[in-house]
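K.L.:
Would you mind keeping the following structure in view while I ask a few things?
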C-alpha cells in the first residue's frame, strides 16, 4: 500500500517540484514583465474573468433547470446531464474542432452569421472567451446544481407564502443559500479558463495581445524561449494551487451533492 | 374582521384521500387535531397554495383561491400566512430582513419595509434581536419571529402547523400564551394544526377532528369532550401529544 | 494529447531499444558497432534488423513513410517509426534527450540546434528544398491575388509562428516584398495554417508548396516571386544517441540516394 502511494504522490508532486526548482527565479520578474509574458498575462486574466461571467450568466439558469428536472422523463434528464458534462471529458482540441465546425465562417452557425452580419468569430478575443466558457461551464453548472438541490425546500415554501414570486424566491432565497456552491463553481471555471489551451489554439488561433493566452504563449515559447515558458508555467501552477487551497474540500462536495 | 373561509378540500394522492370541509367565521381560530397521517398538513398545504386541490374549492372573503382546476391562485397571491413547525427563517438574512421580506415582496422600499418590520418586532418584545442571524436566536424566539414575519403582511387567514411541537416542553406554556396574545389582536381568522389538545384548548374557539382525511367531528372543545362522536375523538382528546409527530 | 502519445511512444521505443541492445549483444555483436560498414541499399548486408524512430518535419509526412515502406521491403526485419511535428519542437525534444535515431528538419537552422549540441552522428545532408506558396480556399472569398494582400487588415490572414521554419520563411518573404503583414494568427505549425484555410476561416495562409499539393482540391495555391528567395532546405542526419546506428545510417543513406523521385513528385525542389 505504502510504496504505490509514494510513487503516486511523486508522480503528482514531482513535476511541480521540478518546475519550481528549475524556475529562473532571479529573472522571473523580468520575464513576467517582458514582451512575451505580459500581454499574455493580461489577456489570460481578462478573458478568464469574462468567460467566468459568461459561465455564471448562462450556467446558473441551466443549473436551476437541471435542479428542477426531477419530473422529466428519466432518459431526457440523463441526456441533458451527459451533454452538460461532456466538455469535462472531451479532449480540449476536440472541443476546439467542434467549435470551429459550429462557429467558423463555413460553420453551422458561423456561415449565416457571416453572411448576414459579416461577423467572424475565430481569431478574435471573443473566440478565446467562447472556448474558455465551453470548457468551464460544466464546472459551474454541476457545482451550482448540487448546491441548489441541497437547499431545504421549506425556505422556498416560506418565501412563496410571504408573497414572493417564483423568480423572486429563486433570486432572493434559493440562490443566496446556494452561494457557496456558486462561488466554488465560479472559481473552478475561472481556473479552467485560465488553463485552457487546446480549444483556444484550435478555435481562436494565436496572436499576441488578441488570442495568445498564457498556455498558448508557453507552448510557442517552449522551443526557443524556454525561460518565458517556465515563467508562464510557474504563474499557472501558482494560480491553480491557490484556487484549490482556497476551495479546500468544498469543490468535491459541491460536485458530488 | 376578515378571514371568512369556505372550503371543501379534496386531494387524492395514491391510496390517501383528503375530503374535508372547513368553514371559518371572520376573526375566529380553529384547531385541527388528528393522528399522524390524518391529513392535517395536507389540508394546510392546499389552503396555502403549496398543494393544488384535485377536487372541491377554497373561497376566502368571497374570493375564489382554488377550484381544483383552472381557478388556482399561486401561494404568493393569496392573503394567507403560513408558519411551519420548523420556522424556516432565512439563514442568510438578519431577523429584521426576515420580517421585512414579505413587505419587500409586496413592493415596499427597503427602508420603509425595515421600519415597519422594526415596529412589528418591537411590538412583540423582539426589538433586541433585529440584527441577529436566525442561528443566533432560540427555538422559541425563532417561532415568534416567524409568526411576526407572517403577520406583517396582514393576511386574512393565518395557518400554524404544529407551532409548539419543536419547543422544549417547559417553554411551551409561555410561548403558547404569547401566540394567544398575538391571535387575540389579529383581525383575521386562523387555523392551528396540532396533535396537542392543550394547544387547541388555549388557542382555538372550535376544534375539528380529522382522521384518514375526513372530518370526524367539529365543535367547541367542551362539546366534543361531552359527546365524542367516535372512539378516535375520545382517545385524541384524552391524551396530550402522545404521538409527538407533525402529522401528514 | 500529442505529449501523452509521444511519451508513451518514447517509453515503448526505450523498452524496445534496450531489448534490441540485449539481443544484439547476445547474437550479433557486429551490428551494434557504429563503425560497421553498411551498404546503403543493404541487400548484401545481413546485419540490419530492429527498429528505429525518425523524427521529421510535418511537411515530410507523406513522402517519408512511402520511402520507409520501400526500405522495409528491401530489408525484412527492420521497422521504421515516425514522429512528425513542427521541426523546432522536435529539435527541442531531441536536445532534451528523446530517444530518436534520425532527424529530418525543415530548415538548416533547426538542424543546427541538433548539430550544435553534437547530437548528429554524421554531417546533415540536404534531401530537398521547399518554397512557400499562398494557400486560399478554393473559392478565394478574400479575393487574394498576391503577397501584398497580407498587409490588408480587413483580410483574415494566418501564418506560422516566427519560431518554426515556415514562420521564419514567411517573415523573409514579407521583408523582401516590403509588405507590413497583419496576420490574425501565428499558428504553431504549418498544418494548423493549412487547416484554417481549408475550413474557410482564413482568407489566406502561407504554407509550403508541397502542402498545397498534398491538400488536393481543398485549397488553391498562389505562387509568388519572393518565394524563390526564401527557399527552405530539408537536412537529414542520423543521431549519435541511436541504439541502432547501423540501421539509422542505412535509412538516412537510403533517403538521400533514393528519395529524389518521390520528393519531387510531392512538389519538393531538388536539393540543388
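K.L.:
Quick one: is residue A:210 in contact (Cβ under 8 Å) with a residue 60 or more places away in the chain and within 14 Å of chain C (Cβ to nearest Cβ)?
P.N.:
Spelling it out, residue A:210 is indeed in contact (Cβ under 8 Å) with a residue 60 or more places away in the chain and within 14 Å of chain C (Cβ to nearest Cβ).
K.L.:
For the range A:174-185, give me each residue that is surrounded by fewer than 23 Cβ atoms within 10 Å (Cβ to Cβ) and either within 8 Å of another protein chain (Cβ to nearest Cβ) or not in a helix (DSSP H, G or I) (or both).
P.N.:
Within the range A:174-185, A:176, A:177, A:179 qualify.
K.L.:
Identify all residues within the range B:200-213 that are under 19 Å from residue B:232 (Cβ atoms) and in contact with a strand residue (DSSP E or B) (Cβ under 6 Å, 6 or more places away or on another chain); write none if there are none.
P.N.:
B:200, B:204, B:206, B:207, B:208, B:209, B:210, B:211, B:213
A quick yes/no check of all residues on (1) touching a residue at least 24 places away in the same chain (Cβ under 8 Å); (2) surrounded by fewer than 22 Cβ atoms within 10 Å (Cβ to Cβ); (3) within 14 Å of chain A (Cβ to nearest Cβ):
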site: C:65; (1), (2), (3): no, yes, no
site: C:72; (1), (2), (3): no, yes, no
site: C:78; (1), (2), (3): yes, yes, no
site: C:84; (1), (2), (3): yes, yes, no
site: C:88; (1), (2), (3): yes, no, yes
site: C:92; (1), (2), (3): no, yes, yes
site: C:95; (1), (2), (3): yes, yes, yes
site: C:101; (1), (2), (3): yes, no, no
site: C:105; (1), (2), (3): yes, no, yes
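K.L.:
Go through the range B:99-134 and count every residue that is under 23 Å from residue B:164 (Cβ atoms) and within 9 Å of chain A (Cβ to nearest Cβ).
P.N.:
1
K.L.:
Hey, does the range C:132-141 have a residue that's touching a residue at least 12 places away in the same chain (Cβ under 8 Å), away from chain A (no Cβ under 14 Å), within 25 Å of the chain's Cα centre (by Cα) and surrounded by fewer than 20 Cβ atoms within 10 Å (Cβ to Cβ)?
P.N.:
No; the residues of the range C:132-141 include none that is touching a residue at least 12 places away in the same chain (Cβ under 8 Å), away from chain A (no Cβ under 14 Å), within 25 Å of the chain's Cα centre (by Cα) and surrounded by fewer than 20 Cβ atoms within 10 Å (Cβ to Cβ).
K.L.:
Conditions: (1) out of contact with any strand residue (DSSP E or B) (no Cβ under 6 Å at 6 or more places or on another chain); (2) assigned to a loop (DSSP other than H, G, I, E, B). Residue C:213 meets all but one. Number of the miss?
P.N.:
Going through the list (1) out of contact with any strand residue (DSSP E or B) (no Cβ under 6 Å at 6 or more places or on another chain); (2) assigned to a loop (DSSP other than H, G, I, E, B), residue C:213 breaks only (2).
K.L.:
Of the conditions (1) touching a residue at least 24 places away in the same chain (Cβ under 8 Å); (2) under 26 Å from residue B:236 (Cα atoms), residue B:134 satisfies every one except a single condition; which number is it?
P.N.:
So the condition that residue B:134 fails would be (2).
K.L.:
Right, another one. Kindly provide the set of residues from the range A:112-134 that are within 12 Å of chain C (Cβ to nearest Cβ) and surrounded by 15 or more Cβ atoms within 10 Å (Cβ to Cβ), ordered by number.
P.N.:
A:114, A:120, A:121, A:122, A:123, A:124, A:125, A:127, A:128
K.L.:
Okay, next question. With respect to residue C:195, is the statement that it is surrounded by fewer than 24 Cβ atoms within 10 Å (Cβ to Cβ), over 16 Å from residue C:147 (Cβ atoms), modelled with pLDDT under 90 and touching a strand residue (DSSP E or B) at 6+ places or on another chain (Cβ under 9 Å) true?
P.N.:
Against the criterion (surrounded by fewer than 24 Cβ atoms within 10 Å (Cβ to Cβ), over 16 Å from residue C:147 (Cβ atoms), modelled with pLDDT under 90 and touching a strand residue (DSSP E or B) at 6+ places or on another chain (Cβ under 9 Å)), residue C:195 qualifies.
K.L.:
Being assigned to a loop (DSSP other than H, G, I, E, B), touching a strand residue (DSSP E or B) at 6+ places or on another chain (Cβ under 8 Å) and either within 14 Å of chain A (Cβ to nearest Cβ) or loosely packed, with under 14 Cβ neighbours inside 10 Å (or both) is the filter here; which residues of the range B:57-92 pass it?
P.N.:
B:71, B:72, B:73, B:78, B:79, B:84, B:85
K.L.:
Could you say which residue among A:189, A:228 is modelled with pLDDT under 85 and either assigned to a helix (DSSP H, G or I) or surrounded by 24 or more Cβ atoms within 10 Å (Cβ to Cβ) (or both)?
P.N.:
A:228
K.L.:
Now, a different point. Among the numbered criteria (1) at pLDDT 95 or above; (2) touching a strand residue (DSSP E or B) at 6+ places or on another chain (Cβ under 6 Å); (3) over 23 Å from residue A:153 (Cβ atoms); (4) surrounded by 18 or more Cβ atoms within 10 Å (Cβ to Cβ), which one does residue B:96 miss?
P.N.:
Answer for residue B:96: the failing condition is (2).
K.L.:
Touching a residue at least 24 places away in the same chain (Cβ under 8 Å) and more than 16 Å from the chain's Cα centre (by Cα): which single residue out of B:183, B:171 fits that description?
P.N.:
After ruling out the rest, the residue left standing is B:171.
K.L.:
Look through the range B:33-48, keep the residues that are touching a strand residue (DSSP E or B) at 6+ places or on another chain (Cβ under 7 Å) and within 13 Å of chain A (Cβ to nearest Cβ), and return whichever of them is nearest to residue B:195 (Cα to Cα).
P.N.:
B:41
K.L.:
Follow-up question, since we're still on this one. Keeping to the range A:97-112, report how many residues are in a helix (DSSP H, G or I) and at pLDDT 90 or above.
P.N.:
Residues flagged as in a helix (DSSP H, G or I) and at pLDDT 90 or above within the range A:97-112 amount to 5.
The values are calculated or read from the model by the stated rules, or taken from the named source; none is laboratory data. This is a predicted model, so every value here is computed, not measured. Cβ atoms come from the backbone with ideal geometry, glycine included; neighbour counts cover every protein chain shown.
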